[in-house]
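Asker: Let me begin by handing over the structure; questions about it come next.
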Amino acid sequence: MQDKINRIKKEVSDIKVATQAELEDFRLKYLSKKGSLNGLFDEFKNVANEQKKEVGQRLNELKVLLSNTYERFKGEMESRQTTETGNDLTRSGESIAIGSRHPISIVRNEICDIFARIGFTVAEGPEMEDDWHVFSALNFPPEHPARDMQDTFFIAQQPDILLRTHTSSVQVRVMETTKPPIRMIMPGRVFRNEVISARSHCIFHQVEGLYVAEKVSFADLKQTLMFFAREMFGEKTQIRLRPSFFPFTEPSAEMDVSCTCNGKGCNLCKHTGWLEIMGCGMIDPNVLESNGINSEKHSGFAFGMGIERIAMLRFGTKDIRMYFENDVRFLKQFSAAI
Ligand code: PHE
């Protein structure tokens with residue numbers, strides 16, 4: 001028994017542990033239930049009584065030696081891992097909070113998904129634009145109020161460089177580079193020189209739609225928008241087109257969707273039963289021609305909607321400013337809506 005104890009002592013003094021697996025081997029060999037130490041304690045029962053005191057002491061010394069050695073190896077390994085990598089790999093990980101998508105992105109993606117289902121692809125254009133793409137190519141007369149400094153953020157004049165006031169500028173860029181048939185939607189950020197209030201902001205987002213092909217009619221426009229409204233707001237949604245005016249569409253309309261109060265009247269729809277969500281119309285032949293598209297052969301429609309407006313209706317938000325304040329208490333509420 002003494003011999004065995006001495007042999008193990010000697011063995012242990014020669015051992016070097018370099019890996020986690022070797023550390024575990026050490027533990028299994030000496031300290032586990034079936035390890036040498038337990039084996040010796042089992043044998044201890046057979047030691048003659050007069051030797052018990054002496055052997056017991058040696059055995060306890062071995063026990064202390066083995067567990068101290070094990071702890072030392074373990075500590076060395078941990079500090080080696082820390083210094084080699086600069087990180088303590090044995091520490092438990094800290095969970096990283098995952099953010100959520102911004103509600104405007106959620107609604108934008110939803111709008112894009114709906115139109116993707118009926119064959120629309122996505123295009124984007126620059127936020128900083130020239131007069132041609134925002135106004136001239138879209139038939140805006142020189143005296144149109146949108147061209148005023150009061151309404152639009154100009155960056156430079158002559159040539160006029162400005163922050164786009166609508167995504168309709170991307171229609172022009174698409175028509176410049178794409179031959180009909182064109183079926184595209186164009187999401188993006190737009191800028192207007194407006195007083196910031198609960199209902200309007202100087203920055204907001206729009207999604208523009210453009211369809212140019214042969215024999216495109218107002219019925220196609222109406223059917224497309226009806227499909228969109230029902231996908232977005234539910235299958236019972238009704239739409240209403242009211243005559244309106246935009247320089248680049250003829251005829252032009254504003255589209256309303258039926259309010260969820262079913263016409264009973266509520267604060268949201270101001271007791272009218274209808275909510276305005278977008279402008280639309282048949283593209284003016286002048287606009288097609290000035291973008292190199294033969295208006296005898298092709299016709300088309302366009303529409304443009306404000307994403308904030310749709311998000312406010314969807315989420316019941318009363319103040320548009322909340323979308324720009326980045327208050328996490330507000331944003332967190334949308335983490336389930338991705
Ligand atoms: N650009 C218009 C706006 O910002 C919306 C619109 C787009 C109207 C396309 C008709 C066709 O108000």
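The values are calculated or read from the model by the stated rules, or taken from the named source; none is laboratory data. Model, not experiment: these values are computed from the prediction. Don't worry about glycine lacking a Cβ; one is built from the backbone with ideal geometry, like all the others, and counts go over all protein chains shown. Calculation scope for accessible area: heavy atoms of the full protein, side chains included, ligands and nucleic acids excluded. Shrake-Rupley method; radii C 1.70, N 1.55, O 1.52, S 1.80 Å.
Asker: Here is a check on your reading of the model: is L163 within 24 Å of E308 (Cα to Cα), away from the ligand (no atom under 13 Å from the Cβ) and assigned by TED's automatic domain parsing to the domain that holds T224?
Answerer: yes
Asker: Follow-up. Take the residues in segment 27-52 that are open to solvent by less than 80 Å² (accessible area, probe 1.4 Å) and aliphatic (A, V, I, L, M), then tell me which one is farthest from the chain's Cα centre (by Cα).
Answerer: Across segment 27-52, the extreme among qualifying residues is A48.
Asker: Shifting gears a bit: Do you know which of the residues in segment 166-195 that are among the charged types (D, E, K, R) and within 13 Å of the ligand (Cβ to nearest atom) is nearest to A116 (Cα to Cα)?
Answerer: R189
Asker: Give segment 81-104 a look and list any residue that's open to solvent by 80 Å² or more (accessible area, probe 1.4 Å) and over 30 Å from the mean Cα position of the chain (by Cα), or say none.
Answerer: T83, E84, N87, L89, R91
Asker: Let me ask something else about it. For segment 153-186, give me the residue count where each residue is polar (S, T, N, Q) and either in contact with a Pro (Cβ under 9 Å, 6 or more places away or on another chain) or surrounded by fewer than 18 Cβ atoms within 10 Å (Cβ to Cβ) (or both).
Answerer: 6
Asker: Just name the residue that is nearest to T152 (Cα to Cα) out of those in segment 199-242 that are among the acidic types (D, E) and within 16 Å of the ligand (Cβ to nearest atom).
Answerer: So the residue we want is E208.
Asker: Still on this model: Looking at F228, F301, F204, which one is under 25 Å from T121 (Cβ atoms), of a type outside the set (V, I, T), assigned to a helix (DSSP H, G or I) and in contact (Cβ under 8 Å) with a residue 12 or more places away in the chain?
Answerer: F228
Asker: Checking the condition acidic (D, E), free of Cβ contacts under 8 Å to residues at least 60 places away in the same chain and touching a Ser or Thr at 6+ places or on another chain (Cβ under 7 Å), which residue from D14, D88, D25, D3 passes?
Answerer: That would be D88, the only listed residue that is acidic (D, E), free of Cβ contacts under 8 Å to residues at least 60 places away in the same chain and touching a Ser or Thr at 6+ places or on another chain (Cβ under 7 Å).
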